[in-house]
Amino acid sequence: VQTCALPIWASFTVGTLVPGAPLYLCEGVGTAWACWQATGNAAVVCFGWGNVARVAADLRQRDASARLVLVPDAGKDTDAAKIARELGCCVAYMPPDEPNNFDANDLAQRDGADVLAKVPLHVLLER
């Protein structure tokens, strides 16, 4: 496992950053670890949903072509869509009808990493 710390807000990256590859932005460590295990792509731990927009904005400023993917917990879909539109990110929504705070780690634990890897990425148009 390779990890690196990014000097942006409160964040930590699991995996190796690869130019042009998706970069998953997650609220917590468990979600980031699950995304990295399922996809092999790096995932950033933002240490709370309140930091996701700031971390995404900083990453977007550093690399305008970065393939940022927001991975919100269930119940945070509207906020994720707003951030995605503002910053040109994709969103990996949790399946419908899951309880609030159900996240990618919960999905991987329940259904397997292969199911998490197949969660569709929704592209939202910038404003």
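Here are the numbers for the structure shown:
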| item | result |
| --- | --- |
| Matching residues, the range 114-127, being of a type in the set (D, E, K, R) and open to solvent by 100 Å² or more (accessible area, probe 1.4 Å) | K118, E126, R127 |
| Only listed residue being on the phi > 0 side of the Ramachandran plot and either surrounded by 22 or more Cβ atoms within 10 Å (Cβ to Cβ) or not basic (K, R) (or both), chosen from D111, D97 | D97 |
| Count of the range 15-42 residues which are closer than 19 Å to D77 by Cβ and in contact with a Gly (Cβ under 7 Å, 6 or more places away or on another chain) | 1 |
| Failed item, numbered, when V55 is tested on (1) in contact with a strand residue (DSSP E or B) (Cβ under 9 Å, 6 or more places away or on another chain); (2) closer than 21 Å to D114 by Cβ | (2) |
| Filtered residue count, the range 32-63, keeping only those that are within 19 Å of Y93 (Cα to Cα) and of a type outside the set (G, A, S) | 14 |
| Unmet criterion (only one of (1) closer than 17 Å to V14 by Cα; (2) in contact (Cβ under 8 Å) with a residue 40 or more places away in the chain; (3) open to solvent by less than 40 Å² (accessible area, probe 1.4 Å); (4) part of a helix (DSSP H, G or I)) for A32 | (2) |
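The values are calculated or read from the model by the stated rules, or taken from the named source; none is laboratory data. The structure displayed is predicted, hence computed values, not measured ones. Glycine also receives a Cβ, built like all others from the backbone with ideal geometry; neighbour counts cover every protein chain displayed. For the accessible areas, the whole protein counts, side chains as well, though only heavy atoms, and no ligand, DNA or RNA atoms are used. Shrake-Rupley method; radii C 1.70, N 1.55, O 1.52, S 1.80 Å.
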